[in-house]
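K.L.:
Below is the structure I would like to discuss, written out as structure tokens.
Every read-out reported here was derived from the displayed coordinates using simple, explicitly stated rules and does not represent laboratory data. For clarity, every value in this text was computed on a predicted model and none was experimentally measured. Cβ placement follows ideal geometry from the backbone for every residue including glycine, while neighbour counts extend to all protein chains displayed.
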Amino acid sequence: MGQPGRPPAASMVRPGEGGDICPLGVFSVPGFGSEWFWWHWQGQQPPDQKCVSYMSKNYPPGFSYPEFAPQFHAQFFNPGDWADIFKASGAKYVVLTAKHHEGFTNWGSPNSWNWNSVDTGPHRDLVGDLGEAVRNRSLHYGLYNSLYEWFNPLYLTDKKNGFKTQEFVMHKLLPELYNMVVRYRPDLIWSDGDWEAPDTYWNSTEFLAWLYNDSPVKDTIVTNDRWALAVPVNMAATTTVKTNTLRASCPSTNGRNAHLWTRSPGATAET
């Protein structure tokens with residue numbers, strides 16, 4: 001698997017070879033619009049009137065988004081069947097939403113009490129279950145993770161403070177990222193939700209240095225470039241650092257193209 005001198009996981013992002021990204025979360029319950037439903041309904045100003053109308057027609061007054069979580073049963077989530085479909089499609093990798101901007105984690109994150117798929121909803125480890133099935137079929141497994149969370153009080157406080165404080169990063173984001181990597185050892189991390197704050201707030205350089213030098217996946221991991229506000233495509237040259245050549249440009253989401261890197265054989269990360 002892979003080519004001489006290249007990390008094995010790099011083969012999954014060769015130009016012309018694709019994979020599947022699977023959005024899954026509490027947003028799957030209303031199933032209206034997109035995974036941005038909560039934000040469009042109650043975050044952006046003015047709210048999206050289509051979302052407001054949908055809620056008024058289908059749910060009682062005062063219904064809150066977190067009330068969707070117990071209804072997130074994932075009854076059609078059959079990892080074996082899903083993995084068979086991915087394999088038959090010719091996909092080289094599968095990426096599951098570990099956590100989207102709503103903050104709900106699809107595994108039992110110790111840093112997301114009662115807002116995760118083990119404590120509520122399906123009461124199962126969706127990240128672990130799909131990962132096992134995908135890898136049993138010799139596919140690479142990646143995890144999508146949002147840096148920011150729309151309505152997390154810690155994040156909103158840091159934002160109000162001009163990102164001069166890091167309560168959210170230190171007590172939620174980083175512990176969760178380390179837990180996710182050590183526990184599931186993904187082949188790819190698809191980072192997102194970076195655009196509101198600089199890398200000095202997210203501690204991106206610290207995390208990526210650990211990821212590429214000391215983590216359990218340091219020799220195989222692939223990442224994209226969404227780790228901080230206004231960081232150019234060559235951020236890998238200053239953070240991850242000394243990654244090898246750009247492997248692929250991936251489809252745009254929200255108007256932003258994503259780029260994936262692996263580290264150069266023998267390279268070290270610098271901060």
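K.L.:
What do you get for GluC sites (Glu not before Pro) in the stretch 143-223 restricted to DSSP loop and a cutoff of at most 15 other Cβ within 10 Å of the site's Cβ?
P.N.:
The qualifying sites are E196.
K.L.:
Could you give the nm distance between label points at R183 and S138, where each point is 7 Å from its Cα heading toward the beta carbon?
P.N.:
In this crude label model, R183 to S138 measures out at 3.0 nm.
K.L.:
Evaluate 2.2 N^0.38 Å with N set to the residue count of the stretch 17-87, then give the Cα radius of gyration divided by it. Intermediate values should be presented prior to the final figure.
P.N.:
Working: Rg = 15.0 Å, N = 71, 2.2 N^0.38 = 11.1 Å.
Working it through for the stretch 17-87, the quotient is 1.35.
K.L.:
Do any trypsin sites (Lys or Arg not before Pro) in the stretch 89-171 lie in a loop, going by DSSP, with at most 11 other beta-carbon atoms within 10 Å of their beta carbon, and if so which?
P.N.:
On the way: sites: K92, K99, R124, R135, R137, K159, K160, K164; in loops: K92, R124, R137, K164.
Answer in residue order: K164.
K.L.:
Mind giving me the FRET efficiency for K218 and F76? R0 is 41 Å, r the Cβ-Cβ distance, nearest 0.05 is fine. Walk me through the numbers before you get to the answer.
P.N.:
On the way: r = 36 Å, r/R0 = 0.88.
E(calc), rounded to 0.05, equals 0.70.
K.L.:
Let me ask something additional. With the cut-off at 22 Å, tell me which of the pairs K92/K218; K50/K159; K99/K172 have Cα atoms farther apart than that. Walk me through the intermediate numbers first.
P.N.:
On the way: K92/K218 20 Å; K50/K159 28 Å; K99/K172 12 Å.
In this structure, K50/K159 exceed 22 Å between Cα atoms.
K.L.:
What is the ratio of the Cα radius of gyration of the stretch 174-221 to 2.2 N^0.38 Å, with N the residue count, to two decimals?
P.N.:
Output field value: 1.13.
K.L.:
How long is the gain from S34 to A88 if the chain were fully straight, where each residue apart is worth 0.36 nm and the alpha carbon distance is subtracted?
P.N.:
16.8 nm
K.L.:
Under 5 Å between amide H atoms, partner at least 5 residues away or on a different chain: which partners does G18 have, H built in plane at 1.01 Å?
P.N.:
Hits under the 5 Å cutoff: K92.
K.L.:
While we're here: List D48, D158 from most exposed to least, where exposure is judged by having the fewest other Cβ atoms within 10 Å.
P.N.:
Fewest to most other Cβ atoms nearby, the residues stand as D48, D158.
K.L.:
Can you tell me how much longer the chain between T120 and V52 gets when fully stretched, taken as 0.36 nm per residue apart minus their C-alpha distance, in nm with one decimal?
P.N.:
Result: 21.9 nm gained on full extension.
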